[in-house]
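Structure first, then comments.
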């Protein structure tokens, strides 16, 4: 590029798996003797279709105890979110309840360990949604219950 001229720098950022505020720095090397290196900062807010307070649940305690943990699910789109359970493989060890906090916007899913023996387990709950960008949510569940 000729001195004193403008140009364009094409930047591509992969946002898959990110949510919320994001910041990336780009280093530009120039042939300008007064400014050989420039740092550009790109800031963005990555909006998701669905926000989860966490992606997994761990239920831990002593054998025979009842332990409950919850996950919050929030709609990130301007239409009502519908959740429909399609798969759950821990019904002998864990129960779950989907509570609608704000109709079509915020849900809490409560997972409760059913009292039992010393054991460790893992499984998941899969929910179907009505959002095209996020048609399915999979929540991983781990349990670890030890002797007194």
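Arranged from highest to lowest average of other beta-carbon atoms within 10 Å per residue, in what order do the peptides 20-27, 44-51 appear? It would help to have the intermediate numbers written out before the result.
On the way: 20-27: 9.9, 44-51: 14.2.
Ranking the peptides 20-27, 44-51 by packing returns 44-51, 20-27.
Sort 56, 120 so the one with the fewest other Cβ atoms within 10 Å of its own Cβ comes first.
Details: 56 14, 120 10.
In increasing order of surrounding Cβ atoms, one gets 120, 56.
Name all residues of the range 2-19 having a backbone nitrogen under 14 Å from the label point set 7 Å from the Cα of residue 40 along its Cα→Cβ direction, giving them as ranges.
What the label zone holds, given the 14 Å backbone N cut-off, is 6-13.
Residues in the range 75-112 near a label at residue 49, defined as backbone nitrogen under 18 Å from the 7 Å Cα→Cβ point?
Under 18 Å, as judged by backbone N against the label point of residue 49, lie 75-87, 104-107 of the range 75-112.
For the chain, what is the relative contact order in percent, using Cα pairs closer than 8 Å and at least 6 residues apart in sequence?
Working: 289 pairs, mean separation 33.4, N = 148.
With pairs under 8 Å counted, the relative contact order is 23 percent.
Would you give the gap between the C-alpha center of the range 18-83 and the C-alpha center of the range 122-148, rounded to a whole Å?
Using only Cα atoms to place each centre, the spacing works out to 19 Å.
No lab work stands behind these numbers, since they all come straight from the coordinates. Note that the coordinates shown come from a computational prediction; the quantities given were computed from them, not determined experimentally. All Cβ positions, even for glycine, are placed from backbone atoms using ideal geometry, and neighbour counts span all protein chains on display.
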